[in-house]
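Encoded as structure tokens, the structure appears first; notes follow it.
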Amino acid sequence: LFMIRRVMVIPSSYPSPTNPVNGVFVEDQARVLAERFDVLVFAQRVYGWRQVLQGRIPFRDGFTMREGIRLYEQSGFMPPRFLHHAAMVYLLKRARAAMLTITGSWGTPDIIHAHVTLPAGWIAVKLGREMGVPVVLTESTGPFSVLLKTASRRRYAWEALTGAATVTAMSPPLAETI
């Protein structure tokens, strides 16, 4: 009998003080899950040159509480026109470092719920495989084809979709497209 107690949510977007509606549906779902499970949201925040020059980067790595949800935020800088492969490798490396802190403090999740195939789904599948934790992937991107513009993106999307234990789509037409 497999008992789920800890749920880690890894979104591609999540609300922040500077963008409170970005990924708000993920926050809503995490709040509902937290009524029954121990939930932690791992949000990677990536900033570019424009935000650096405007001084709008709240670089912080660590635990906070937001709307009653345990949140681990990880900030990073991404140079412009960074190759997709390099960006994915960078994000995974940073996520692996965060997992050492998260699992050391909170423990290992029983399940990971990723939102959006790239980058969160791919990162979740890699981390889940390394930790022996199943991954549920929910896709909401429309049109889905924006995730498949290059051979590199298609390869990463394929790895995420085939590596997840379960893939759900936000609508029947999106499920057919995927």
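The values are calculated or read from the model by the stated rules, or taken from the named source; none is laboratory data. Predicted model, so just to flag it, every value in this text is computed and none were measured. Virtual Cβ from ideal backbone geometry, glycine too; neighbours counted across all protein chains shown. When the accessible area is computed, the model is the full protein with side chains, heavy atoms only, and any ligands, DNA or RNA have been set aside. Shrake-Rupley method; radii C 1.70, N 1.55, O 1.52, S 1.80 Å.
Please work out which residue is modelled with the highest pLDDT, limiting yourself to the stretch 60-75 and to residues that are farther than 16 Å from Val9 by Cβ and part of a strand (DSSP E or B). Give the derivation first.
Here is the first cut: in the stretch 60-75, the residues farther than 16 Å from Val9 by Cβ are 60-62, 75.
Cutting the leftovers down to part of a strand (DSSP E or B) gives us 61-62, 75.
On the way: Asp61: 84, Gly62: 91, Ser75: 87.
Per the criteria, the residue is Gly62.
The set of residues in the stretch 4-45 that are under 14 Å from Arg66 (Cβ atoms), among the charged types (D, E, K, R) and touching a residue at least 12 places away in the same chain (Cβ under 8 Å) comprises Glu27, Arg31, Arg45. Residue count for the stretch 86-98 under the criterion of being open to solvent by less than 10 Å² (accessible area, probe 1.4 Å) and either modelled with pLDDT under 95 or in contact with an Asp or Glu (Cβ under 9 Å, 6 or more places away or on another chain) (or both): the result is 2.
Scanning the stretch 2-28 for residues that are open to solvent by less than 80 Å² (accessible area, probe 1.4 Å) and more than 26 Å from Leu100 (Cβ to Cβ) yields Asn19, Pro20, Asn22, Val24, Asp28. Gly55 - would you say it is at pLDDT below 90 and surrounded by fewer than 20 Cβ atoms within 10 Å (Cβ to Cβ)? Answer is yes for this residue.
All conditions but one from (1) within 24 Å of Val7 (Cβ to Cβ); (2) open to solvent by 50 Å² or more (accessible area, probe 1.4 Å); (3) not basic (Lys, Arg) apply to Ile69; the one that does not is (2).
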